[in-house]
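Undergrad: Before we start, here is the structure in question, set down as structure tokens.
FYI, it's all coordinate maths here, none of it is from the lab. Fair warning: this is a prediction, and the values are worked out from it, not measured in the lab. Here Cβ is always computed from backbone atoms with ideal geometry, including for glycine, and neighbour counts include all displayed protein chains.
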Amino acid sequence: MNENLKALIENFVSGSDTSIESANEIEVALDDQFPSDDYLQQTVEMLAMYRPEGGEFLFDTLAIKERLIETAAYLDDCV
């Protein structure tokens, strides 16, 4: 995982930047760097459906934080 992606994920997970724009940056970075990884593409799809308050068929901040923690571990272990 490159340092920019790592920093983006850490900022989101820490709560310092949980904006839709931040989620979009992570989404694009993952999609560009790992287009054929099924797990990471699932994360990309979740990020595309992120809204801080959640809603029907959307993921809220807590759900995305949890997924990004898992995604960071996945990237550290497998990629």
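Undergrad: So if I place +1 on the C-beta of Lys and Arg and -1 on the C-beta of Asp and Glu, and nothing else carries charge, what would the dipole magnitude of the chain be about its Cα centre? I want it in debye, nearest 20.
TA: Here the chain has a charge dipole of around 140 debye.
Undergrad: In addition: Please list the helices of the chain that count as membrane-span-like by this rule: a mean Kyte-Doolittle hydropathy of at least -0.5 together with Cα atoms stretching 24 Å or more along the helix axis, each helix being a complete DSSP H run.
TA: In the chain, the long hydrophobic H runs are 61-78.
Undergrad: Assuming a ≥ b ≥ c are the square roots of the Cα gyration tensor eigenvalues, decide whether segment 10-58 counts as rounded (a/c under 1.5), prolate (otherwise, with a/b larger than b/c) or oblate.
TA: oblate
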